[in-house]
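Enquirer: Below is the structure I would like to discuss, written out as structure tokens.
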Amino acid sequence: MGSPSGSRRRNLIMILAGLIIFNVMSCTRPAGTLATFQSARSDELSISGQWNIIDVPPRSRVNAIHAALLPTGKVLIIAGSGNSPENFDAGSFTTLLWDPQTGQFSLIPTPDDMFCAGHTLLPDGKLLVAGGTQRYQKGTQPAHGASYSYEFDPQTQRYERVADMHHGRWYPTLVGLADGNALAVSGLDESGQPLDGHHELFRRDISQWIELPALNRYFPTYPALFLTADGRLFYSASTAGYGHSDGAGRRPGLWNLADNSFTPVDGLRDPNLTETSTSVLLPPAQDQRVMVLGGGGIDDSAESTARTDIVDLRSPHPHFTPGADLAEPTRYLSAVILPDDTVLTTGGSRDYRGRGDSNNHIARIYDPATNTFRAAAPPQVGRNYHSEALLLPDGRVVTLGSERLGDDDNSTPGAFEQRIEVYSPPYLYRGSRPVLTVGPTVVPRGGTAEFATPDPDSIVTAKLMRPSAVTHTTDVQQRSIALTVVRKDRAISVRVPAEAGLVPPGWYMLFVTDRAGTPSVARWVQVP
Ligand code: CU
């Protein structure tokens with residue numbers, strides 16, 4: 001792959017040029033010019049942001065296959081066996097809890113192999129983790145899905161086993177519904193076969209899985225399914241991993257769970273390149289616009305695309321229209337909604353699982369209002385298969401994981417990428433941030449809530465951001481819901497939309513932004 005290594009070479013040249021300029025300015029000129037350099041540096045940070053690699057103690061390094069932000073502000077990083085048959089055979093399963101505020105890491109006892117499970121945050125703030133690995137792939141024999149499910153409690157920091165599912169599931173998507181229950185869709189079953197349309201519902205009132213025989217529709221593994229304002233699920237055709245090779249289940253559309261009807265949505269370009277593509281419900285969620293970014297051919301195809309397309313689901317006849325192209329054809333892109341209503345896109349590779357050293361080391365910030373990408377500082381760590389990215393409550397973005405195919409024969413996995421890299425967006429380099437000082441922790445859907453602030457006139461927007469639960473660059477949980485803001489005396493009042501399809505029950509990060517788009521640190525609030 002000439003182009004990715006070419007772009008790395010360009011990055012290297014730019015870094016070298018920067019060092020030379022720095023040396024010239026700081027060594028051969030009077031000291032006053034260093035201040036000029038430093039101010040140029042802070043200008044650059046406020047335009048491109050900055051990446052930093054986190055120092056992870058050796059005993060806390062895990063294969064980050066799954067990552068979810070919990071309402072405690074900590075990030076749950078699940079490896080399970082971490083795609084290591086040796087760990088699987090030894091019954092050695094790991095989970096790491098990271099507190100981004102204190103930098104503390106804690107290993108969590110992990111009772112089963114949650115490698116390639118599904119997950120969704122329940123309304124009470126516990127993370128439901130269902131499925132995983134019952135048996136590893138052996139030769140041409142596919143992996144077998146496990147049927148156990150667990151709730152991870154952010155308060156006790158422990159897994160609690162709940163009811164088994166009716167089927168084993170490896171690579172399922174769990175999607176939270178408007179009533180607070182969760183739907184498990186797709187996966188390879190207990191004998192390694194793709195589940196042909198058998199979905200099941202986790203009922204939170206009885207903590208049981210209910211089979212839904214009338215809801216029969218086939219999707220490939222890790223399908224991207226987004227809860228829409230009217231309660232239907234939009235399937236964007238993004239998937240990760242496994243499915244039938246005849247094209248079944250690869251057409252986007254709106255799925256009505258009430259009667260199992262499916263209304264196709266057409267117009268997606270490169271429809272054969274949706275595997276390992278990324279989808280995101282663009283901010284604000286009220287616009288009901290879903291973007292599909294990049295992707296590749298099925299299985300180990302070398303083909304990939306720079307296409308992005310957008311569908312407006314509020315339209316009477318939804319249809320994809322072209323978005324701005326990515327910098328280059330990309331699989332496994334991460335897309336993270338930022339609190340200023342833009343979307344960070346980062347990482348990915350041109351070829352299947354980063355084969356041929358094809359990681360792209362590119363980050364861009366997408367602005368849905370103008371349908372344009374602008375450059376962001378490039379990440380140092382390349383990420384492809386088995387990687388994740390998510391927004392932190394302080395406005396930074398963490399990226400984890402990746403497992404490229406090795407250098408030797410391009411068919412066996414190389415060393416798992418265990419470095420964690422954090423992006424600080426440009427808005428963190430503009431000086432002061434708006435602040436909410438006092439307010440409720442419960443915010444009613446369809447109602448208002450008041451929060452104290454020293455400077456209400458500076459606050460322009462408020463939003464509820466649902467935390468991410470992501471694996472295989474698939475995150476159907478993140479969303480950003482705009483709130484109506486009324487400025488008061490040393491306070492603001494926010495109004496939450498009434499539709500549960502827009503604001504499903506659960507915990508959210510409440511962010512406000514000022515005129516420059518600079519966000520506050522989030523406050524955690526619960527929508528019952
Ligand atoms: Cu996987």
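Enquirer: Taking the condition at pLDDT 95 or above, within 16 Å of the ligand (Cβ to nearest atom) and outside any loop (DSSP other than H, G, I, E, B), does Val470 pass?
Expert: yes
Enquirer: I'd like the full set of residues that are in contact with a helix residue (DSSP H, G or I) (Cβ under 9 Å, 6 or more places away or on another chain), more than 16 Å from the ligand (Cβ to nearest atom) and open to solvent by less than 10 Å² (accessible area, probe 1.4 Å), limited to the stretch 385-424.
Expert: Gly395
Enquirer: Restricted to the stretch 458-467, and to residues that are assigned to a strand (DSSP E or B) and open to solvent by 10 Å² or more (accessible area, probe 1.4 Å), which residue is nearest to the ligand (Cβ to nearest atom)?
Expert: The selected residue is Arg466.
Enquirer: Quick one: in the stretch 75-92, of everything that is crowded, with 22+ Cβ neighbours inside 10 Å and away from the ligand (no atom under 14 Å from the Cβ), which residue is farthest from Arg135 (Cα to Cα)?
Expert: Val75
Enquirer: Of all residues in the stretch 311-341, which are without any contact (Cβ under 8 Å) to a residue 40 or more places away in the chain and surrounded by 18 or more Cβ atoms within 10 Å (Cβ to Cβ)?
Expert: Pro329, Thr330
Enquirer: Taking Leu254 and the conditions (1) open to solvent by 30 Å² or more (accessible area, probe 1.4 Å); (2) touching a Ser or Thr at 6+ places or on another chain (Cβ under 7 Å); (3) within 30 Å of Ala498 (Cβ to Cβ), which numbered condition does it fall short on, given that it satisfies the others?
Expert: Every condition holds for Leu254 apart from (1).
Enquirer: Ok, one more. Can you say whether Gly296 is assigned by TED's automatic domain parsing to the domain that holds Ala377, under 19 Å from the mean Cα position of the chain (by Cα), of a type outside the set (A, V, I, L, M, F, W, C) and open to solvent by less than 10 Å² (accessible area, probe 1.4 Å), as far as the supplied structure shows?
Expert: Yes.
Enquirer: For residues that are at pLDDT 95 or above, acidic (Asp, Glu) and more than 23 Å from the chain's Cα centre (by Cα), scanning just the stretch 176-199, find the one that is surrounded by the most Cβ atoms within 10 Å (Cβ to Cβ).
Expert: Per the stated criteria, the residue is Asp189.
Enquirer: Could I ask something else about it? Please state which one of Thr95, Thr72 is in contact with a strand residue (DSSP E or B) (Cβ under 7 Å, 6 or more places away or on another chain), hydroxyl-bearing (Ser, Thr, Tyr), more than 16 Å from the ligand (Cβ to nearest atom) and at pLDDT 95 or above.
Expert: Thr95
Enquirer: State whether one or more residues within the stretch 79-89 are assigned by TED's automatic domain parsing to the domain that holds Gly125, assigned to a strand (DSSP E or B) and not aromatic (Phe, Trp, Tyr).
Expert: Yes, the conditions are met somewhere in the stretch 79-89.
Enquirer: Shifting gears a bit: Give just the number: which of (1) away from the ligand (no atom under 16 Å from the Cβ); (2) buried (at least 23 other Cβ atoms within 10 Å of the Cβ); (3) closer than 18 Å to Ile298 by Cα does Phe234 not satisfy?
Expert: With (1) away from the ligand (no atom under 16 Å from the Cβ); (2) buried (at least 23 other Cβ atoms within 10 Å of the Cβ); (3) closer than 18 Å to Ile298 by Cα applied to Phe234, the lone miss is (3).
Enquirer: If you don't mind, another one. Residue check, Tyr242 against (1) touching a Leu at 6+ places or on another chain (Cβ under 8 Å); (2) open to solvent by less than 30 Å² (accessible area, probe 1.4 Å); (3) within 16 Å of the ligand (Cβ to nearest atom), all met but one. Which one?
Expert: Answer for Tyr242: the failing condition is (2).
Enquirer: Hey, any hits in the stretch 474-481 for a residue that's within 16 Å of the ligand (Cβ to nearest atom) and on the phi > 0 side of the Ramachandran plot?
Expert: Within the stretch 474-481 (the criterion being within 16 Å of the ligand (Cβ to nearest atom) and on the phi > 0 side of the Ramachandran plot), the answer is no, since none of the residues qualifies.
Enquirer: Turning to a different aspect of this structure: Cβ contacts < 8 Å: first residue assigned by TED's automatic domain parsing to the domain that holds Ile420, restricted to the stretch 361-386; second residue in a loop (DSSP other than H, G, I, E, B) and aromatic (Phe, Trp, Tyr), any location; separation 6+ or different chain. Result?
Expert: Arg383/Tyr332; Asn384/Tyr332; Tyr385/Tyr332; His386/Phe416
Enquirer: Which pairs turn up if I take residues in the stretch 498-517 that are in the same structural domain as Val485 (by TED's automatic domain parsing) and look for partners that are open to solvent by 20 Å² or more (accessible area, probe 1.4 Å) and hydroxyl-bearing (Ser, Thr, Tyr) with beta carbon separation below 8 Å, at least 6 apart in sequence or on another chain?
Expert: Pairs found: Val512/Thr461; Thr513/Thr461; Asp514/Ser458; Arg515/Ser458.
Enquirer: Report, by residue number, each residue of the stretch 118-144 that is without any contact (Cβ under 8 Å) to a residue 60 or more places away in the chain, closer than 20 Å to Gly241 by Cβ and either more than 23 Å from the chain's Cα centre (by Cα) or assigned to a loop (DSSP other than H, G, I, E, B) (or both).
Expert: Scanning the stretch 118-144 gives Gly131, Gly132, Gln134, Arg135, Tyr136, Gln137, Lys138, Gly139, Thr140, Gln141, Ala143, His144.
Enquirer: Turning to a different aspect of this structure: Report yes if some residue within the stretch 263-277 is away from the ligand (no atom under 16 Å from the Cβ), open to solvent by less than 10 Å² (accessible area, probe 1.4 Å) and acidic (Asp, Glu); otherwise report no.
Expert: No, because not a single residue in the stretch 263-277 is away from the ligand (no atom under 16 Å from the Cβ), open to solvent by less than 10 Å² (accessible area, probe 1.4 Å) and acidic (Asp, Glu).
Enquirer: Quick check, is Leu107 more than 16 Å from the ligand (Cβ to nearest atom), assigned by TED's automatic domain parsing to the domain that holds Asp205 and under 30 Å from Val443 (Cβ atoms)?
Expert: no
Enquirer: I've got another one for you. Is it the case, given these coordinates, that Arg59 is among the basic types (Lys, Arg), more than 16 Å from the ligand (Cβ to nearest atom) and at pLDDT 90 or above?
Expert: yes
The values are calculated or read from the model by the stated rules, or taken from the named source; none is laboratory data. What you are looking at is a predicted structure, and each value in this text was computed from that prediction instead of being measured. Using ideal geometry, Cβ is built from the backbone for each residue, glycine included, and neighbour counts are taken over all protein chains shown. Heavy atoms of the whole protein, side chains included, go into the accessibility calculation; ligands, DNA and RNA do not. Shrake-Rupley method; radii C 1.70, N 1.55, O 1.52, S 1.80 Å.
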